[in-house]
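The block underneath contains the structure these notes are about, expressed in structure tokens.
The values are calculated or read from the model by the stated rules, or taken from the named source; none is laboratory data. Fair warning: this is a prediction, and the values are worked out from it, not measured in the lab. Here the Cβ is made from the backbone with ideal geometry for all residues, glycine too, and neighbour counts use every protein chain on show.
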Amino acid sequence: MSAPSLTTADPIRSQHPGRRHYGTHLFLIAMSVLWLVPLLWTVFTSLRPKSAIDEHGYWSVRGSFDFENFSTAWRQAGLQTYFVNSLIITVPSVLLTIALASMMAFAVSRFRWRFNVTLLIMFTAGNLLPPQVLAAPLYTMFKHTALPYSISDSGSLLNTYYGVIAVDVAFQVGFCTFVLSNYMKALPEDLTEAALVDGASVWRQYWAIVLPLCRPALAALGTLEVIWIYNDFFWPLLFIQSGDRLPITTGVKNLQGDFLSNYNLIAAGATITVIPTLVVYLLLQRQFIAGLTLGASKG
């Protein structure tokens, strides 16, 4: 009887000999190029003076390249004021959204009660309504909501940061609750049961045990919420009439001329507005990817 061979074939390789993911790679490359072309074109346009465009055209690479459009856009549009306004709106909105959504997700994922699923469905169903459908009712409601004149110049929620923050939180908390509840359901229930036996309160179970384990999901949602709320154009434009309180997304329109538009200047202003969200993503990139890919593989 012949001796057994010392080398055995890999069963995975034998099932898929010479398998290559060329189609997947080509698809990902095509999608990356599709998403990057508008951004690269905006940066390319912002680096060219208007005189070079008038002389050689938009598609030509001839002519000079400089950063003059960026400094001009910063001064002419007063972007520093609009950046502060965006910060005032974005930071409280994101923090309130994540805090409220995590509490609600903890309640529906770790406890069994009568209206558990119903309440989660109601939170999620709120995201199915287009914002434009609620524009008129919300505007009327905010107009008749009385506030002290020390808080609001008009005596209502209109022309205040509070109205925009409230709407942003209301529209985003449902999506975050849905994502965090699914994440928390994947955590072992033995953790909270052991804490309950040790005498830990519900708040301590939420704050000291479950919330730290949700750090990847919180980072991923925080990154998405910063991008979505920071880039929001519709709600600030609807509720804020005072130009000195508008966020950066609406402030760029100050670069639009009445009779002639310098698109190189507008491109430079748009490029400047992208920088904060890009910095947030780069800082939270590892946590963001970890939160999105959790559960994608076993082992």
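Residues in the range 186-201 include at least one that is hydroxyl-bearing (Ser, Thr, Tyr) and at pLDDT 90 or above.
For the range 102-114, the criterion of being of a type outside the set (Asp, Glu), part of a helix (DSSP H, G or I) and free of Cβ contacts under 8 Å to residues at least 40 places away in the same chain is met by at least one residue. The range 240-295 holds helices (runs of 4 or more DSSP H) entirely within its bounds, and those carrying 1 or more residues that are more than 30 Å from residue 162 (Cβ to Cβ) and at pLDDT 90 or above map to 263-283.
Among the conditions (1) more than 30 Å from residue 213 (Cα to Cα); (2) at pLDDT below 90; (3) in contact with a helix residue (DSSP H, G or I) (Cβ under 6 Å, 6 or more places away or on another chain); (4) not in a loop (DSSP other than H, G, I, E, B), residue 124 misses just one, which is (1). Taken together, the residues in the range 127-155 that are within 19 Å of residue 176 (Cβ to Cβ), without any contact (Cβ under 8 Å) to a residue 12 or more places away in the chain and touching a helix residue (DSSP H, G or I) at 6+ places or on another chain (Cβ under 8 Å) amount to 0.
Entry remark, the range 175-234: residues being part of a loop (DSSP other than H, G, I, E, B) and not hydrophobic (A, V, I, L, M, F, W, C) number 6 in total.
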